[in-house]
Amino acid sequence: MADLLSNEEIDDRLPADWERDGDEIVRVYEFDDYLEGVAFASEVGEIADEEFHHPEMVVRYDEVEVRLTSHEAGGITDRDVELAERFDDVR
């Protein structure tokens, strides 16, 4: 199991455009239309499934909200930050 990151480590390593919300890191990706967001969510879902680390995603008309946390560790770990960076590479 991955170790929890300290508050300082989270602040130092949080990728641009991601925010901390309690025990989760969150980003809202904006799109021109619904299907573009759906395609992004599908691609991100494939990456998450490969890593067996699944985010919560909410698809709206012109945006996709992604939330990451490591439930088994009880908060934010390296896995969350690394996956956030990979999701940013998709966009």
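Derivation of every value follows stated rules applied to the coordinates shown; laboratory data play no part. What you see is a predicted model, and the numbers here were worked out from it, not measured in a lab. All Cβ positions, even for glycine, are placed from backbone atoms using ideal geometry, and neighbour counts span all protein chains on display.
List of remarks:
- Database remark: amide H of SER70 closer than 5 angstrom to the amide H of GLY75, ILE76, THR77 (H placed geometrically; neighbours at sequence offset of 5 or more, or on other chains; Pro and chain starts carry no H).
- J(HN,Hα) series, the range 54-64, from Karplus relation 6.51 cos²θ - 1.76 cosθ + 1.60, nearest Hz, glycine and proline x: 9, x, 8, 10, 10, 9, 10, 3, 10, 7, 10
- Estimated distance in nm for a label pair at GLU36 and GLU8, the labels positioned 7 Å out from Cα along Cα-to-Cβ: 4.1
- Working note: 222 nm ellipticity from helices only, DSSP H runs with n ≥ 4, each -39,500 (n - 2.57), summed and divided by the residues of the chain, gives -13000 deg cm²/dmol to the nearest 500.
- On Cα atoms only, tilt of 34-51 relative to the major axis of the chain in degrees: 40
- The alpha carbon centroids of the range 1-19 and the range 40-80 are separated by 15 Å.
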